[in-house]
Amino acid sequence: MILKYALIGCTLAFTAAIQPGPTQAYLLSRVASIGWRRTLPAALFPLISDGPIALIALLILGQLPVAMQSGLRLAGGLLLLYFASRSFIQWLHPEPTSTERHDKAPRTILEAAIVNLLNPNPYIGWTLILGPIVVAAWNEAPGSGVAVVGAFYITMIVTLALLIYGFGTARLLGPRFQRWLQLLSGILLAILGVYQGYIGVRHLIAYPTDSLFR
């Protein structure tokens, strides 16, 4: 069970790290401004910014009835499928990557963490996707819950570090490699979305809906 949840955590982190968004734009701008070596410590910023988000999400989710937690897992599965569809669309119709320098980009790990705190994606991810998985894993065995979180952040930091290195050495700037990453992301997100949706539906059937109000 621990291995299963660790694999889920790794997959979620990998797909989150390579998805285009504020994080990738920030990293690219910093690499363009100061180089990949000086930008590399920024890969640690999820450890600073995600703590409060995760704590609030887990405290709230832990108090919800099982049926509502299952409903959130179903919603998270649908959200993952939506993200997968976006990845497939971007794979079919890639957009050019901008390497334009942004002089006003954040310059420290702390400022990068603030950017992440103002980004809605971590809140959505912890509320609808990662949070329900961690709660379910913890209920099965505390070690499984720890495995999800540990695998998620280790994979996230390693992937972000590789992206920073790739941006700096231009190895990940090639359109062909970017397209294959986008396709891989879509496939992984689709698999996780189907799995989460299946678990959510199965639990909703197993627990009566009136448990929502107990």
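Some observations on this one:
- Going by neighbour counts of Cβ atoms within 10 Å, the residues 156, 1, 68 line up, fewest first, as 1, 68, 156.
- In terms of packing, defined here as the mean over residues of other Cβ atoms within 10 angstrom, the peptides 46-57, 133-144 line up highest first as 133-144, 46-57.
- Peptides 36-42, 158-164 ordered by average Cβ neighbours within 10 Å, highest first: 158-164, 36-42
- Karplus-derived HN-Hα couplings along the range 39-51 (A = 6.51, B = -1.76, C = 1.60, θ = phi - 60°), whole Hz, x at Gly and Pro: 7, 3, x, 5, 5, 8, 5, x, 5, 8, 7, 7, x
Any read-out appearing in this document is the output of simple, stated calculations on the displayed coordinates, not a laboratory observation. Every value quoted in this text rests on a predicted model; they were computed, and no experiment measured them. All Cβ positions, even for glycine, are placed from backbone atoms using ideal geometry, and neighbour counts span all protein chains on display.
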